[in-house]
Amino acid sequence: MKRGVDLLLATIALVILAVPLLAIALLVRLTSPGPALYWSDRVGKNNALFKMPKFRSMRVGTPAVATHLLEDPARHLTPIGSFLRTTSLDELPQLWSVLVGDMSFVGPRPALFNQDDLIVLRTERGVHRLVPGVTGWAQINGRDELPIPEKVELDAEYLRRRSFRFDLAILWLTLVRVSHRDGVSH
């Protein structure tokens, strides 16, 4: 049932957001050299790698590491990068990943391919068996601010509690957090 809901919501969202998606892509292209989309290598279900699209908020050539590991993250942002990140508009292309089945609307956020500590802890807790999400329980409980062990604990709690009702609650709380721009550090 979850996959069917994901397909339905992703299709509706892509139709409704087609014009805004094109406008954002154009703004990214006009404000900095390089492609509008950044395809990030991410860890999906059962630790399989997949390519996840985001609107490019960092300059071309920025190291492929978690933002908090950059010496000066603000230096790497494009002119509209901070706005895209704080509003979470950079995440909208992930609707494609939901549509093709690499992601779900709700699940643990997909780790970067080189976040070995996060991948190991999630595997130990069985979280790796879940399809990653555009948003998740850890995401709404701290986003960029959480240390990795706390993220994994929240991901494991999601694994134990997952249900259609819990997913709806997470989606609602995500909308609230994003509208208040809570938990975004870069």
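Against the criterion of being aliphatic (A, V, I, L, M), surrounded by 13 or more Cβ atoms within 10 Å (Cβ to Cβ) and at pLDDT below 90, VAL152 does not qualify.
Within region 15-50, the set of residues being under 20 Å from GLY107 (Cα atoms) and either of a type in the set (Asp, Glu) or in contact (Cβ under 8 Å) with a residue 40 or more places away in the chain (or both) comprises SER40, ASP41, ARG42, VAL43, GLY44, LYS45, ASN46, ASN47, LEU49, PHE50. Take region 74-113 and flag every residue that is among the aromatic types (Phe, Trp, Tyr) and open to solvent by less than 40 Å² (accessible area, probe 1.4 Å). PHE105, the sole residue that qualifies. If you check ASP102 against the conditions, is it among the charged types (D, E, K, R), in contact with a strand residue (DSSP E or B) (Cβ under 6 Å, 6 or more places away or on another chain), in contact (Cβ under 8 Å) with a residue 12 or more places away in the chain and within 19 Å of TRP39 (Cβ to Cβ)? Yes. Give the residues of region 126-149 that are at pLDDT 95 or above and more than 18 Å from SER104 (Cβ to Cβ), sorted by residue number. Residue satisfying the conditions is PRO149 alone. The helices (runs of 4 or more DSSP H) found entirely in region 1-118 that carry 1 or more residues being under 17 Å from VAL131 (Cα atoms) and among the polar types (S, T, N, Q) are 94-100. Considering (1) at pLDDT 95 or above; (2) out of contact with any strand residue (DSSP E or B) (no Cβ under 6 Å at 6 or more places or on another chain); (3) open to solvent by 60 Å² or more (accessible area, probe 1.4 Å); (4) not polar (S, T, N, Q), the lone condition that LYS51 does not fulfil carries the number (2).
Restrict the check to region 122-134 and report whether at least one residue is open to solvent by 20 Å² or more (accessible area, probe 1.4 Å), closer than 18 Å to ASN47 by Cβ and not in a helix (DSSP H, G or I). Scanning region 122-134 turns up at least one residue that is open to solvent by 20 Å² or more (accessible area, probe 1.4 Å), closer than 18 Å to ASN47 by Cβ and not in a helix (DSSP H, G or I). Among the criteria (1) closer than 28 Å to LEU17 by Cα; (2) free of Cβ contacts under 8 Å to residues at least 24 places away in the same chain, the one LEU70 does not fulfil is (1).
The values are calculated or read from the model by the stated rules, or taken from the named source; none is laboratory data. Note that the structure is a prediction, hence the values are computed from the model and not measured. Cβ: placed from backbone, ideal geometry, glycine included. Neighbour counts: every protein chain shown. Just the protein is used for accessible areas: all its heavy atoms, side chains included, with ligands, DNA and RNA removed. Shrake-Rupley method; radii C 1.70, N 1.55, O 1.52, S 1.80 Å.
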